[in-house]
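Notes for the one structure printed next.
The values are calculated or read from the model by the stated rules, or taken from the named source; none is laboratory data. Everything numeric here is computed off the predicted structure, so don't read it as measured data. All Cβ positions, even for glycine, are placed from backbone atoms using ideal geometry, and neighbour counts span all protein chains on display. The protein model used for the area step is the full one, side chains on, heavy atoms only, and it has no ligands, DNA or RNA in it. Shrake-Rupley method; radii C 1.70, N 1.55, O 1.52, S 1.80 Å.
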Amino acid sequence: MLTLLRIFFRSPAALVGATILALVFPILVISTFFDLQGGIENPYFSLLIYLVLGPLVAVAFILVVAGLIRARGDDNTVPYTYEFFKRQLTSPASYNRVRRLVYISILLISSFLLVLGIVAYSGHRYTDSMQFCGNFCHIMSPEFITHQNSPHSRVSCVACHIGKDVAGIATAKFTGLKQLYATATDTFLRPLPTPLDNLRPTRKTCEECHRPEKFHGQKLYVIDTFLPDLDNTHVQTAMIMKIGSGGYLGRSAQGIHWHISEQHQLFYGTATVDRQEIVRVALTDAAGNRTVYFRKGSDPGQIKSEEHLMDCIDCHNRPTHIYLSPDAALDQLLLARRIPVALPFIKREALIALTRPYPTTQKAVAGIDEQLRQRYLTNNPNRNEHERDLIEQAIRGVQQAYTENVFPEMHINWGTYQNFIGHRDGSGCFRCHDGSFVSAAGKTISRDCDLCHIILAENESPENIVEMMHSIRR
Ligand code: HEC
Ligand code: HEC
Ligand code: HEC
Ligand code: HEC
Ligand code: HEC
């Protein structure tokens, strides 16, 4: 025992390591135990355990081992080197003593490694958790909030962003460390750049749950809108969406999901890294024939990117981080009655209040409150209780429309992140389907309004839409 102590004092590294171990290791064991029990909710607690204490103990352990091996012995202080053990083990006199020492060391070291293993595994799970991704790392709170409001709120961040293979996990942890550093030093970009290059979900990831060859046929889509008039008139647009399929059981691919059929490959080259401005489209069909389309009047030398093979994300780039337009956000809340339709002109007034520029979320929430109060109460101070109730509800609803879609702290405003489904402002499908792509043989990528959907009725009252459905059945 004394010998051991003496060695420690001769090796500063081992001494430091041993001191840290003695202090931190018990804390680590106890706090990991509590964390695994789920006793403590604070995300900073897990952060402390897994990203500070865990690595610290590992480093201390390495210090001790390295220090012990390096410490050169004289007659009094015998170092625990290979030669030492060899000498001891071959001398019958000390054999028993050493054997005990070896057993004890093996027991200690393996229980230590076991604990460290548990810590490392829970640390891995913790950094994979939605809590860590979205909550702790506050710069991702826009992604977290939009995710919570999306159809994929039950799908974890890592299920989409990190493949199941080891390489994917390793890349992710490495990228994660860089991000943690950027967060700590406040050197990240605002808004976070898109499209992603490292953590972009792959087609394989989506196909863990969705099988494009399976969704076929046409579906009725009904889009609800409220007009900015006195009654906030509710109207609907009904269209048959040609969902199509990637081909199934010998049937060939058709409709919208024709693009991702296994039978052909569709590549495109862009003039901008954000994939907004597509310049060339190349289609290789099942027989190997290649058709290349160029945007009229564009210069092929403009193409900056490598060729992208079209996948799900080229259309579904917002399956979960869905930022709505002010119009769409209000329509959803009016439909859900979070904003009362009975309040005259509320759609119009809400739009005005929502689309003003605000420097922070807090100022926006206060500003919306103030403007709507002024609009509805200043000239009519004698509103009855019911009306006041509606106004309070409306204020909360419009604030919600803002806080779910705009994040001034991250420089995310209305329209910062484009959705490629549909064709708002000539984006999305119209990046290729705007009628300006022509092949050498004179073939054009279609802009025909009936190619993707058949509009049955546009901005009609819900009663008329129902009537129309019945007349189709007759
Ligand atoms: C259903 C799959 C899915 C889930 C679940 C998901 N994401 Fe995403 N995420 C995407 C896609 C798709 C993109 C856009 C990729 C692109 O355009 O390259 C994206 C983009 C991002 C971006 C870049 C900024 C942007 O909006 O383009 C961040 C940051 C991000 N996700 C974080 C998260 C976090 C944090 C979670 C969990 C709270 C999460 N993601 C959950 C699919 C997903
Ligand atoms: C872990 C399973 C899972 C993964 C992975 C997944 N999804 Fe989904 N997705 C779902 C579920 C479940 C729903 C249905 C949610 C509902 O109807 O409430 C859904 C719904 C959808 C919808 C319909 C949304 C709507 O508005 O009705 C689209 C489009 C979609 N997913 C695309 C994608 C894309 C693109 C990816 C890959 C980036 C992906 N999903 C990855 C499970 C998943
Ligand atoms: C060419 C663009 C495009 C590509 C590529 C694409 N989709 Fe879609 N997808 C759409 C459109 C458009 C819709 C219907 C409109 C909407 O959902 O808003 C749709 C609908 C869906 C739906 C809902 C289907 C239903 O029956 O309601 C799912 C799920 C889906 N896509 C998954 C995928 C997956 C998975 C991939 C990749 C393997 C993929 N999509 C590739 C454009 C595309
Ligand atoms: C990268 C370019 C590109 C984008 C983006 C794109 N398409 Fe296409 N699409 C094509 C090409 C090329 C064809 C085939 C043209 C041909 O050979 O006639 C096609 C064909 C189609 C067809 C006809 C498929 C069939 O049955 O033959 C539909 C429907 C369609 N696209 C819908 C969409 C929708 C919806 C979107 C947006 C969500 C979209 N496309 C986005 C390139 C694109
Ligand atoms: C390449 C496919 C494609 C073509 C061509 C196309 N659309 Fe669309 N359109 C879509 C998709 C996909 C949506 C659904 C967007 C969504 O889910 O929000 C849509 C939505 C719409 C909507 C309702 C929602 C909105 O954004 O207002 C209208 C109206 C519309 N299209 C009109 C047209 C007209 C008019 C044409 C002809 C010039 C046309 N579309 C051509 C794919 C297409």
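Among the GluC sites (Glu not before Pro) within segment 211-311, which fall in a DSSP loop and have no more than 16 other Cβ atoms within 10 Å of their own Cβ? Could the numbers behind the result be given before it?
Working: sites: 213, 262, 277, 306, 307; in loops: 213, 262, 277, 306, 307.
The qualifying sites are 262, 277, 306, 307.
Electrostatic bookkeeping for residue 368 treats Lys and Arg as +1 and Asp and Glu as -1; over the other residues with beta carbon under 11 Å from its beta carbon, the sum is +2. Within the full protein context, the accessible area of residue 90 is estimated at about 110 Å² for a probe radius of 1.4 Å.
Per-residue ellipticity at 222 nm, computed for the chain from helices alone with -39500 (n - 2.57) per DSSP H run of at least four residues, works out to -13500 deg cm²/dmol.
Surface calculation, 1.4 Å probe, protein heavy atoms: residue 224 sits at approximately 40 Å² accessible.
Taking the inverse of the mean 1/r over every pair of distinct Cα atoms in the chain gives a Kirkwood hydrodynamic radius of 28.1 Å.
If DNA, RNA and ligands are ignored and the probe is 1.4 Å, what is the ranking of 216, 257, 138 by accessible area, most exposed first?
On the way: 216 80, 257 35, 138 115 Å².
Largest accessible area first, the residues go 138, 216, 257.
Taking the accessible area of segment 234-313, probe 1.4 Å, and keeping the other protein chains in place, the carbon and sulfur fraction comes to 53%.
For 372, 21, 456, 309, write out the residues from largest to smallest accessible area, computed with a 1.4 angstrom probe and no ligands counted.
Final ranking, largest accessible area leading: 309, 456, 21, 372.
Modelled this way, with points 7 Å down the Cα-to-C-beta line, the labels at residue 290 and residue 37 are 6.5 nm from one another. Take the residue pairs 204/304; 304/443; 219/296; 204/296; 173/363 and return only those whose Cα atoms are more than 28 Å apart. Going by Cα-Cα distance, 219/296; 204/296; 173/363 fall outside the 28 Å limit. Taking the square roots of five times each eigenvalue of the Cα gyration tensor of segment 361-468, the equivalent ellipsoid has semi-axes of 43, 23, 9 Å, listed largest first. For segment 326-410, the share of accessible area belonging to carbon and sulfur comes to 50 percent (1.4 Å probe, ligands and nucleic acids excluded).
With labels modelled as points extended 7 Å from the Cα through the Cβ direction, what inter-label distance (nm, one decimal) is found for residue 83 paired with residue 262? The answer from the label model is 6.5 nm. With the whole protein complex present, residue 304 retains an accessible surface near 150 Å², based on a 1.4 Å probe.
Candidate cross-link partners of residue 178 among the aspartates and glutamates, defined by an alpha-carbon separation under 13 Å and a same-chain spacing of 8 or more, comprise 186.
Here the label points at residue 19 and residue 470, each 7 Å from Cα along the C-beta direction, are separated by 8.7 nm in the simple model.
May I ask for the Rg/Rh ratio of segment 174-220, computed from Cα atoms with Rh as the Kirkwood radius, given to two decimals?
Values: Rg = 17.3 Å, Rh = 13.9 Å.
Reported Rg/Rh (Cα atoms, Kirkwood Rh): 1.24.
Decide, for segment 326-410, between rounded, prolate and oblate: order the square roots of the alpha carbon gyration tensor eigenvalues as a ≥ b ≥ c, take rounded if a/c falls under 1.5, and otherwise choose prolate if a/b is larger than b/c, else oblate. Since a/c reaches 1.5 but b/c is at least a/b, the shape of segment 326-410 is classed as oblate.
With a 1.4 Å probe and all protein chains left in place, how much accessible area per residue does the chain have, in Å²? Walk me through the numbers on the way to the answer.
Values: 27960 Å² over 474 residues.
Solvent-accessible surface per residue comes out at 59 Å².
Averaging the Cα positions of each part gives two centres, and for segment 180-250 and segment 308-341 these lie 8 Å apart.
Mind ranking 197, 285, 450, 311 by accessible surface for me, highest first, 1.4 Å probe? Intermediate results must be reported in sequence, preceding the final value.
Numbers: 197 140, 285 60, 450 80, 311 30 Å².
Descending order: 197, 450, 285, 311.
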